[in-house]
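One structure is given below, encoded as structure tokens.
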2 protein chains.
Amino acid sequence: MKEQIEPRILKGFRDFLPQQESRRKAVQETLQAVFRQHGFLPIDTPILEYSDVLLGKGGGETDKQIYRFEDNGGRDVSMRFDLTVPFARYMAQHRSELYLPFKRYHIAKVFRGENTQRGRYREFTQCDFDIVGVDCASADFEILLLMVRSLQALGVHDFRVHLSHRAIFNRFLDTLGAGRQSGDILRSVDKLKKIGEEAVREELTQLLDQQRAAQILMFITATGTAGEVLTSLVALAGHNEHDTGRLQAVLEAAAALGIQDHVRLDPSITRGLDYYTGIVYETFLDGAAEIGSVCSGGRYNDLASLYTKEQLPGVGSSVGLDRLLAALEELHSRPAEPSAVDVLVLAFDETGIGHYHSIAEQFRAAGFSAEVYPEARKLGVQFAFAEKKGIRTAVICGPEERAADVVTVKDLAQRANHSGLSMDDALKTVRRIISG
Amino acid sequence: MKEQIEPRILKGFRDFLPQQESRRKAVQETLQAVFRQHGFLPIDTPILEYSDVLLGKGGGETDKQIYRFEDNGGRDVSMRFDLTVPFARYMAQHRSELYLPFKRYHIAKVFRGENTQRGRYREFTQCDFDIVGVDCASADFEILLLMVRSLQALGVHDFRVHLSHRAIFNRFLDTLGAGRQSGDILRSVDKLKKIGEEAVREELTQLLDQQRAAQILMFITATGTAGEVLTSLVALAGHNEHDTGRLQAVLEAAAALGIQDHVRLDPSITRGLDYYTGIVYETFLDGAAEIGSVCSGGRYNDLASLYTKEQLPGVGSSVGLDRLLAALEELHSRPAEPSAVDVLVLAFDETGIGHYHSIAEQFRAAGFSAEVYPEARKLGVQFAFAEKKGIRTAVICGPEERAADVVTVKDLAQRANHSGLSMDDALKTVRRIISG
């Protein structure tokens, strides 16, 4: 007898049971359909790459969050930790094979040795979409539109995309003469949703005089319609075609498409410090705010500078699939459960199994999913199986039915039998049960 | 100026451009639809697992093909090299949450440090489907049916699934008194398709006397209808309900469903030595035989013995996605190219971009994929973009059209303009162009 190994998985990694995985796939398929409908095309890249490509020259200090090792050929390799760095490398490497503007989506797993105590996973799925090669309002708007349409397609209707522009806040700080402290100030401002207005004010008065702290708070807490907030920003920071003008164009397009209620101009959105240079987005679901943003992104002015001298501006956003699924659970607004299987053909004997499979084929040809119970076990066992798997109907074709060339359809939810049916009538009966 | 890093990927790993990735996704979606239609449900497992779980106690000698390393927490971990071992672990670990028979499919990447000179990849995608928990002809047949239906759904019609039963050949060798050399004999027999009959005969006569070598050759080269081959096998090895009886039941079911022309009883199929215990399958496409089997599998009597005492018999098969795509290329019978994008709305100015996006939305609402060119560049640039991306139609709504509340639809393949159209007529015109 072999010594057995305890079946277990690594902390922060997950198995998915069929029901969970079906739901995950349904969400991914919905997003993918929206992306494609808007002219975004799929790409894929390796899960494993050279460490210097993913982490920069020399690979930097060993980041605890990176799965990095030496492969059997002595190469320094790492598992990807996001989809943005590989995309930058991809754009530089395949530039001659691609055209601009290039619109891609990428739904794939990434790996980070995160602290799992905060409910984070070490293997998780990102859904990124970007437009590379242009710096214009139309592209900024298209990413916003895609964020709105994606959530709507998932059946979520109560949400807002909060957006702002990195340059306005920086310009405002310069006007205040506080540009040099912008790093510290942005870090405080970023905490507004977590710690609240008074706590941010206290932090800011450590950095600046009371008056300027008050002005910053007024800037980031401006409320009202998007138009009113924009007016307030222009009053505080001045008008500039590149930032307030850009926001205005994006907001006008949102109104033209009737999605303005899903868009909120929110000057407190800063999205970290280094990466973004223009518009930035975060998305909050009403009633699931504590989960944080389920879809975030923004504009960057130089995607692939690590790999090429060609400047590639772009704008994009990313859905955190795991966080989004958690939010949907929270809201009890799961995407419609893909029903497991429509039809189970019961088995009465194990000779002539072709007969049962032929019946299942006729249901499949009519568009149903159908399977045959493989062994001639007691009917109670077969019904119990159907119930566990969530199968809607059973088709019974025992010796008597077979002699009379009929079948019985059983509605498993209602526990009702429909007997003596021709195959045609059986198909109609199943259709009625499934669609009812 | 930052020092730049050469954008490059690891040997044996691949980037996929949008056209390739679209094709890969289309094949996966087709397979998935077939699997679901037959009641197979999706699961997923981690890409990274404990090495002892994937490789057995102690992990064995370090296999050069395994990506194995110590993670930042000091754990001995490996990237999965197939989907079967993780599935065995999964069944043992989640046994109480699952019901039997359990039918799952799993489409995912696996990693092996293969010698890339033989055209092998180190990261590749497998599509596995299995029925666990029963040992019966109906399940063996269902896997065969799925193999046939999967290829048909991909538009492949000239192929055969070659099948055999591991036990028959072993029994036959015992009858010959050659059971002890079965390992060497099976290795020779396995080369039949590569090196031919005479070379195999030569190898066999190194192991056995000429008469028994001749009998083995007669056994593995039996030709004719499945019924004739079966008769020949029974004549040489004797009848046994468990193996020849099982094959007979599977072949009868194939005939009942009219797929017998895609099935070939081929006693030379052995599929390695250890794993399989019953029926074995390999699939060859006519005209692409040198690519080898594109879908292979068989029956095993104890899936998860490494992790649990419960015996879990099963039967399954696996499509090698990369090999299948190579075979489809070879046959020039690519699955229908998913067309990139149906409609490009051209841009004439950058104010009021909502207008262009509204037009695109109307096409999307009618079921088309549509995008807006983001900048008001020269029409020649916009048309060149459409051509590179493979977009079928352009919608022109310049200042004149806008004043008259009409649009022009351009058929980009035919270079024909349809001017002065209402939106309704524009939708109809695009539909005619796309479906033509």
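Within the stretch A:92-120, restricting attention to residues that are closer than 25 Å to B:Ala108 by Cα and touching a helix residue (DSSP H, G or I) at 6+ places or on another chain (Cβ under 6 Å), which residue is surrounded by the fewest Cβ atoms within 10 Å (Cβ to Cβ)?
Of everything passing the filter in the stretch A:92-120, A:Ile107 is surrounded by the fewest Cβ atoms within 10 Å (Cβ to Cβ).
For a quick check of your reading: which helices (runs of 4 or more DSSP H) sit entirely within the stretch A:140-257 and have at least 1 residues that are of a type in the set (Lys, Arg)?
On the way: elements: A:166-176, A:182-189, A:192-195, A:197-207, A:210-220, A:226-237, A:246-256.
Per the criteria, A:166-176, A:182-189, A:192-195, A:197-207, A:210-220, A:246-256.
Quick one: A:Leu173 ticks every box in (1) surrounded by fewer than 17 Cβ atoms within 10 Å (Cβ to Cβ); (2) within 21 Å of A:Tyr300 (Cα to Cα); (3) free of Cβ contacts under 8 Å to residues at least 60 places away in the same chain except a single one, so which number is it?
Of everything listed in (1) surrounded by fewer than 17 Cβ atoms within 10 Å (Cβ to Cβ); (2) within 21 Å of A:Tyr300 (Cα to Cα); (3) free of Cβ contacts under 8 Å to residues at least 60 places away in the same chain, A:Leu173 misses just condition (1).
From the list A:Lys11, A:Lys64, pick out the single residue that is open to solvent by 20 Å² or more (accessible area, probe 1.4 Å) and either within 7 Å of chain B (Cβ to nearest Cβ) or in a strand (DSSP E or B) (or both).
Values: A:Lys11 fails: either within 7 Å of chain B (Cβ to nearest Cβ) or in a strand (DSSP E or B) (or both).
Testing whether each residue is open to solvent by 20 Å² or more (accessible area, probe 1.4 Å) and either within 7 Å of chain B (Cβ to nearest Cβ) or in a strand (DSSP E or B) (or both) leaves just A:Lys64.
Filter the stretch B:393-427 for residues that are of a type in the set (D, E, K, R) and within 38 Å of the chain's Cα centre (by Cα) and give the result. Let's see the steps before the verdict.
Within the stretch B:393-427, the subset of a type in the set (D, E, K, R) is B:400-402, B:405, B:410-411, B:415, B:424-425.
B:Asp411, the sole residue that qualifies.
Within the stretch A:140-154, restricting attention to residues that are more than 18 Å from A:Arg264 (Cβ to Cβ) and either in contact with a Leu (Cβ under 9 Å, 6 or more places away or on another chain) or of a type outside the set (D, E, K, R) (or both), which residue is surrounded by the most Cβ atoms within 10 Å (Cβ to Cβ)?
First, pick out the residues of the stretch A:140-154 that are more than 18 Å from A:Arg264 (Cβ to Cβ): A:142, A:153-154.
Okay, now just the ones that are also either in contact with a Leu (Cβ under 9 Å, 6 or more places away or on another chain) or of a type outside the set (D, E, K, R) (or both), so A:153-154.
On the way: A:Ala153: 15, A:Leu154: 24.
Checked the stretch A:140-154; the qualifying residue surrounded by the most Cβ atoms within 10 Å (Cβ to Cβ) is A:Leu154.
Look through the stretch A:336-385, keep the residues that are crowded, with 19+ Cβ neighbours inside 10 Å and among the small types (Gly, Ala, Ser), and return whichever of them is nearest to the other protein chains (Cβ to nearest Cβ).
Among those that are crowded, with 19+ Cβ neighbours inside 10 Å and among the small types (Gly, Ala, Ser), it is A:Gly354.
In the stretch B:67-91, what count of residues is obtained for those that are within 10 Å of chain A (Cβ to nearest Cβ) and open to solvent by 10 Å² or more (accessible area, probe 1.4 Å)?
Here the count works out to 8.
All but one of (1) within 18 Å of B:Gly278 (Cα to Cα); (2) touching a residue at least 40 places away in the same chain (Cβ under 8 Å); (3) not charged (D, E, K, R) hold for B:Ile216; state the number of the condition that does not hold.
(1)
Filter the stretch A:121-139 down to the residues that are assigned to a strand (DSSP E or B) and crowded, with 24+ Cβ neighbours inside 10 Å, then identify the one that is nearest to the chain's Cα centre (by Cα).
Step one: of the stretch A:121-139, the residues assigned to a strand (DSSP E or B) are A:123-132.
After this cut, where a residue has to be crowded, with 24+ Cβ neighbours inside 10 Å as well, the list is A:129-131.
On the way: A:Phe129: 10, A:Asp130: 14, A:Ile131: 17 Å.
Restricting to residues being assigned to a strand (DSSP E or B) and crowded, with 24+ Cβ neighbours inside 10 Å, the top hit is A:Phe129.
Could you look through the stretch A:297-317, keep only residues that are surrounded by fewer than 20 Cβ atoms within 10 Å (Cβ to Cβ) and more than 12 Å from every other protein chain (Cβ to nearest Cβ), and pick out the one that is farthest from A:Asp266 (Cα to Cα)?
A:Gln311
Cβ-Cβ under 6 Å, sequence separation 6+ or interchain: first residue in the stretch A:288-303 and touching a residue at least 60 places away in the same chain (Cβ under 8 Å) and within 25 Å of A:His157 (Cα to Cα), partner basic (Lys, Arg) and assigned to a loop (DSSP other than H, G, I, E, B). Which pairs?
A:Gly298/A:Arg271
Among (1) within 37 Å of the chain's Cα centre (by Cα); (2) free of Cβ contacts under 8 Å to residues at least 60 places away in the same chain; (3) in a helix (DSSP H, G or I); (4) buried (at least 17 other Cβ atoms within 10 Å of the Cβ), there is one condition A:Lys388 misses while meeting the rest; what is its number?
So A:Lys388 meets the others, but not (4).
Can you tell me which residue within the stretch B:92-120, out of those that are facing chain A (nearest Cβ under 9 Å) and without any contact (Cβ under 8 Å) to a residue 24 or more places away in the chain, is farthest from the chain's Cα centre (by Cα)?
B:Glu97
What are the residues in the stretch B:391-417 that are more than 14 Å from every other protein chain (Cβ to nearest Cβ), open to solvent by less than 40 Å² (accessible area, probe 1.4 Å) and small (Gly, Ala, Ser), if any?
Scanning the stretch B:391-417 gives B:Gly398, B:Ala416.
Out of the stretch A:33-50, which residues are more than 7 Å from chain B (Cβ to nearest Cβ) and surrounded by fewer than 20 Cβ atoms within 10 Å (Cβ to Cβ)?
Looking only at the stretch A:33-50, we keep the residues that are more than 7 Å from chain B (Cβ to nearest Cβ), and these are A:33-35, A:40.
Matches in the stretch A:33-50: A:Ala33 only.
What number of residues within the stretch B:204-249 satisfy the criterion of being crowded, with 18+ Cβ neighbours inside 10 Å and of a type in the set (D, E, K, R)?
Count: 3.
The values are calculated or read from the model by the stated rules, or taken from the named source; none is laboratory data. Predicted, not measured: the structure shown is a model, and the values here were computed from it. All Cβ positions, glycine included, derive from the backbone under ideal geometry; neighbour counts span all protein chains shown. For accessibility, only protein heavy atoms count, side chains too; no ligands or nucleic acids. Shrake-Rupley method; radii C 1.70, N 1.55, O 1.52, S 1.80 Å.
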